[in-house]
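One structure is given here, and the rest of the page talks about it.
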Amino acid sequence: MPEKSLIHSKAQHYYDVFHRERDGWVAETDVYAWVGRTTREFGLTPGTAPADALRKSLLEYWKRLFVPMDTDGDGVVSREEFLAGFVSLENKPDDYARVVTPSAQVFVATADVDGDGELDKSEFKRLFQSSFALSDEDIDVSFADIDTDGSGSISTDELRAAIRVFHSSTDPADRGHRLLGALPGEQR
């Protein structure tokens, strides 16, 4: 897959996965729905520190990554704006790192039910199915791609690296492109 088609393929896949309502755009309400699905899945009580950390992290994600994509200023990100904005992320690694690092930490803290500081496959599955409604096959592909050390669990560093690769890398050899499962056109 050529470099640009890889980043475009990831952008299209992310938009389709994230954009559950299929109303033609991504809005802040989609982020609140994401927060709601995840807090319910992990039994987080709204207003508590863990629930507030998740909400704050995902809203920061919205403000730092999605809002700049809204080039026409209408408060929503169309598919075209999303695709163009996603492709531009590869040129902003420092801005991106400031958003991803705390988000990865919050995701692991939210889903790390056994408290070992990492996500085993069942914890990862709960997180990614509640957040993105990934299929079991996509969970398998994603987990294998992110677990770079083959330990059977995903550390915060592995998740952060995968999120960064997914959003900004055009190198097909990097692991993390399959953060949300197999890319369009790939066999599972």
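A few points about this structure:
- The magnitude of the dipole of the chain, with charges of +1 and -1 set on the Cβ of Lys/Arg and Asp/Glu and taken from the Cα centre, is near 300 debye.
- Accessible area per residue for region 91-174 is 42 Å², calculated with a 1.4 Å probe on protein heavy atoms, without ligands, DNA or RNA.
- Taking the helices alone, the chain has a mean residue ellipticity at 222 nm of -18500 deg cm²/dmol, built from -39,500 (n - 2.57) per DSSP H run of at least 4 residues and averaged over all its residues.
- 5 angstrom amide H check on residue 154, placed H, neighbours 5+ away: 119, 120
- Sites residue 80 and residue 116 - FRET efficiency at Förster radius 45 Å, r taken between beta-carbons, to 0.05: 0.60
The values are calculated or read from the model by the stated rules, or taken from the named source; none is laboratory data. Bear in mind that the values here come from a model prediction, so they are computed numbers and not experimental data. With ideal geometry, Cβ positions are generated from the backbone for all residues, glycine too; neighbour counts draw on all protein chains shown. The accessibility values were calculated without ligands, DNA or RNA, using every heavy atom of the protein model including side chains. Shrake-Rupley method; radii C 1.70, N 1.55, O 1.52, S 1.80 Å.
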